[in-house]
Amino acid sequence: MLARVAFRNAVSVRAFASRAAVAPRVLPALAVRPTTISLPAARAYSAAAKLKEEEDDFFNGVPINAVPEAQAAPDAFFTPELTAEAAEPADADAPVPFATLKGRIDDDTLKALTVKPFTLKTMSEVQKRVLSRMPELSGGKTPASLIAGETAEQKEARELREKRGREDLLVKAKTGTGKTIGFLVPAIESRRNTLEALANPAPDAEGNPAPARNVKDLALDKVGTLVISPTRELATQIANEATKLMSWNKDRKVQLFVGGNSRFDQLRNFSNPRTGSKDVVVATPGRLRDLLGEREVARAIGSTDTLILDEADTLLDMGFSQDLNFILEHLPKERQTFLFSATVSPQVKKIARDFLKTNHSVIDCVPEDESNTHEHIPQYVTQLSNASEQLPHLVRLIAHDQLVNPNSKVIVFLPTTKMTMLFATLLREMSGSMPTERLGVYEIHSRLAQMKRTRESDNFRKTTRPSVLITSDVSARGVDYPGVTRVIQIGIPSTPEQYIHRVGRTGRGGKTDGRGDILLLPFEAGFPKHLPDVPFKNVSVDDFKVEVEALAAAASSGQRVGKINDSVSQLLPALDPAAIEDVMGSLIGFYAGKLDTAKANGPEMLEGIKSWSTEGAGLAEAPYFSPAFLAKMGLSEKKQGGGGGARRDRNGGGARGSFGLNRGDSGDRNGGFGDRKDRHRSDGRRAPPQHGGFPHSDRQGYSDRGSSAARGQFSSPRPSREGGAPRRGWESRFEERAASRFGESRDRGDRGDRGSFRDRR
């Protein structure tokens with residue numbers, strides 16, 4: 001059956017590509033009236049705002065505001081050759097212009113694609129394979145003007161499309177290939193066709209005309225397309241693309257349901273007659289499941305015309321299968337469904353059986369002989385001899401990238417949220433040791449408010465100066481950051497596959513100027529054995545230090561780079577012991593479920609984590625954890641008893657505006673890194689700290705209101721005690737949280753930085 005499907009796909013693509021590939025003649029600088037797209041108040045997606053962007057997320061190097069050079073008379077918006085008799089059949093692999101969609105999709109959608117806000121010329125492979133099925137895929141009919149000029153092959157392809165009609169699709173396509181355009185165009189066209197059919201129903205059996213209905217009322221009552229995306233960032237990106245595609249039609253609206261934004265505002269916009277047109281609804285599973293408890297939302301979702309599951313493999317990897325099944329119960333049985341996935345695992349096949357019709361078509365845009373990212377991106381592994389080398393080597397890797405890439409843009413992945421927060425603080429403080437004085441440091445993780453996450457993501461995407469994004473796995477898949485020159489991974493990822501997805505953030509679109517690095521502590525040294533096909537190159541810490549300092553000296557920045565070790569030595573004593581204990585607890589929760597991934601035993605892993613807290617983070621003693629707790633986590637020590645020593649005294653380590661820095665007064669650093677002077681306001685709260693010119697006073701989760709101390713989970717300064725002393729309440733709660741994290745990882749599959757159900761909403 002798959003062979004027949006592949007043959008029919010090839011016929012359809014050849015017929016579609018055989019149309020004359022003539023560059024369209026377009027009008028000069030058209031006057032576009034901005035269309036306000038109603039979304040939550042915290043997320044203002046409007047055509048007016050998006051028309052100002054200078055680059056498209058999916059088609060790098062194509063400026064959105066570019067004015068086409070070719071010009072034509074106003075009555076010749078698209079070339080007349082498109083409706084004339086086609087030329088000789090072209091190669092199926094030849095580029096297909098978007099202009100060949102003239103007559104197959106609405107002119108407003110085509111103008112958005114080819115004139116403004118997009119200025120796209122030719123289709124990617126996944127776009128060609130999907131859009132070659134238009135207009136029948138969206139319930140439309142090929143115009144008579146196109147039928148009149150068909151060849152025999154084109155006629156055969158059209159008849160096959162008419163037989164399929166509005167079929168379900170399972171599409172295998174990688175991220176960054178333009179698949180968002182590929183599924184949004186048919187969805188938007190289906191919405192237009194469905195509304196027209198509902199507004200003008202056919203006469204009854206006796207020939208009596210049925211009463212017409214208002215299109216706007218129908219758009220308020222029924223959902224056109226529901227797109228389910230695994231992460232807030234990817235959902236936001238899809239909503240952005242949908243907004244652009246509908247920017248020429250002022251009546252079309254996009255609704256965005258993601259966590260981190262006001263639930264009340266989302267419901268208000270959804271039900272408002274002026275802003276509540278439900279043409280495209282983009283949602284994450286957790287927030288949608290929550291909102292389905294609202295009668296109006298459940299009723300509208302129950303009328304969904306088109307369902308799109310984007311990054312289906314990621315949805316399952318993140319443990320959303322139960323949420324998807326819950327959502328499925330609220331969807332109508334008669335609908336069209338597209339399932340897009342980079343891989344088709346047995347789990348994806350199962351979800352396909354549940355969501356797709358049995359006669360769905362399969363489109364595979366990932367050839368078996370296509371080279372994977374790890375085959376054309378150089379990748380390096382650094383086996384650290386001890387944890388004290390971790391931070392200095394990371395700083396040198398970033399410095400090296402700035403020295404060899406004028407437009408350096410680095411992504412640093414970390415295993416847990418709290419470690420991400422700590423390293424964001426550390427790199428801001430270490431920015432003075434970089435070759436570039438004005439280093440932009442951005443951070444994204446689940447503890448940030450959604451508005452902050454979106455702002456950080458947008459700023460990193462658009463920045464043109466050297467910059468670093470410190471992130472957890474929320475940025476590992478789906479989200480596109482153009483121009484990333486290097487990906488650095490600290491510690492092992494959740495799975496070997498996740499390593500590949502992370503590296504895929506660089507070298508996108510077939511580019512070969514990216515690089516991947518991974519830093520492993522001694523207990524993680526066995527991880528590369530899971531990736532025998534990755535051509536890792538070993539990096540020596542000492543040799544790399546010599547290389548970077550030589551490059552820096554030649555670039556007149558040798559003095560700053562040469563003091564990296566001294567800067568780290570000064571910074572570590574300024575770290576807050578309470579914050580380091582938080583990070584260590586999160587690492588125990590993460591690594592306890594990764595014994596096989598790290599190829600280490602429990603005691604070995606525990607000793608490695610404890611060594612990180614002392615050698616890498618500067619604690620005098622590793623935090624204490626009870627033998628019973630460690631046994632529960634599968635990390636029992638070789639010798640039961642005292643464990644890792646006593647908890648440190650935390651004088652001055654309470655509220656933390658900058659996670660990880662101790663605010664105890666131990667000397668005047670004149671506001672530079674490591675400043676620990678009290679910054680209390682009159683109301684007892686800390687004033688916003690400064691981080692090398694990058695204020696981050698709104699970092700939710702580790703400000704006054706979000707810190708562990710403010711929640712009463714850590715007591716006032718405690719004296720150290722022997723390992724056999726009775727357990728205290730705060731210690732039990734600390735261990736319970738780590739155990740809970742470990743239990744969720746085993747029960748629902750590792751979700752990296754996804755957190756609890758409420759977080760994922």
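Once both labels are positioned 7 Å from their Cα atoms along Cα-to-Cβ, the gap between Val404 and Arg455 label points is 3.5 nm. Neighbours of Val548 by Cβ distance under 12 Å: Lys/Arg scored +1, Asp/Glu scored -1, total -2.
Here the dipole of the range 491-558 is about 320 debye; that uses its Cα centre as origin and unit charges on the Cβ of Lys and Arg (positive) and Asp and Glu (negative). With 0.36 nm allotted per residue and the present C-alpha distance subtracted, the Ser345-Asp542 stretch has 66.7 nm of extension available. Using Cβ point charges alone (K and R +1, D and E -1), the dipole size of the range 373-562 about the Cα centre works out to roughly 700 debye.
Within the range 333-431, the GluC sites (Glu not before Pro) that combine a DSSP coil assignment with at most 12 other C-beta atoms in a 10 angstrom radius are Glu334, Glu368, Glu370.
Could you work out the local net charge near Val561, counting Lys and Arg as +1, Asp and Glu as -1, over the other residues with Cβ closer than 10 Å to its Cβ? Write down the numbers at each step before the final one.
On the way: positive: Arg396, Lys545, Arg560, Lys563; negative: Glu549.
For residues surrounding Val561, the net value is +3.
Would you kindly state how much longer the chain becomes between Gln559 and Lys155 on full extension, computed as 0.36 nm times their sequence separation minus their alpha carbon distance, in nm to one decimal? Present the calculation step by step, with values, prior to reporting the outcome.
On the way: separation 404, 0.36 × 404 = 145.44 nm, distance 7.12 nm.
So the extension gain works out to 138.3 nm.
Listed by chain and number, the lysines whose alpha-carbon sits under 19 Å from that of Lys599, ignoring those within fewer than 8 places in the same chain, are Lys529, Lys610, Lys638.
With the simple spin-label model, which puts each label point 7 Å out from Cα in the Cβ direction, the His330 to Ala148 separation comes to 4.9 nm.
For the cross-link pairs Lys174/Lys632; Lys172/Lys462; Lys174/Lys594; Lys452/Lys632, the ones whose C-alpha atoms lie over 32 Å apart are Lys174/Lys632; Lys452/Lys632. The order of the peptides 174-186, 439-451, 158-170, 202-214 by mean Cβ neighbours within 10 Å, most packed first, is 174-186, 439-451, 158-170, 202-214. Each 10 Å bin from zero holds the following percent of Cα-Cα pairs in the range 245-326: 15, 49, 30, 5.
Within the set Lys111/Lys216; Lys244/Lys333; Lys102/Lys155; Lys111/Lys141, which residue pairs have Cα atoms separated by over 27 Å? Before the final figure, lay out the partial values.
Values: Lys111/Lys216 23 Å; Lys244/Lys333 30 Å; Lys102/Lys155 17 Å; Lys111/Lys141 20 Å.
Beyond 27 Å between Cα atoms: Lys244/Lys333.
May I ask for the net charge around Asp401, where only other residues with Cβ less than 12 Å from the Cβ of Asp401 are counted and Lys, Arg are +1 while Asp, Glu are -1? List each step's numbers first, then the result.
On the way: positive: Arg396, Lys409, Arg486, Arg515; negative: Asp513, Asp517.
Its environment carries a net charge of +2.
Projecting the Cα positions of Val404, Ser472, Gln379 onto the charge dipole of the range 355-504 (unit charges on Cβ atoms of Lys, Arg, Asp and Glu, taken about the Cα centre) puts Ser472 furthest along the positive direction.
Every number here is computed from the coordinates shown, using simple stated rules; none is lab data. Source: prediction; values computed, not measured. Neighbour counts run over all protein chains shown; Cβ positions are idealised from the backbone, glycine included.
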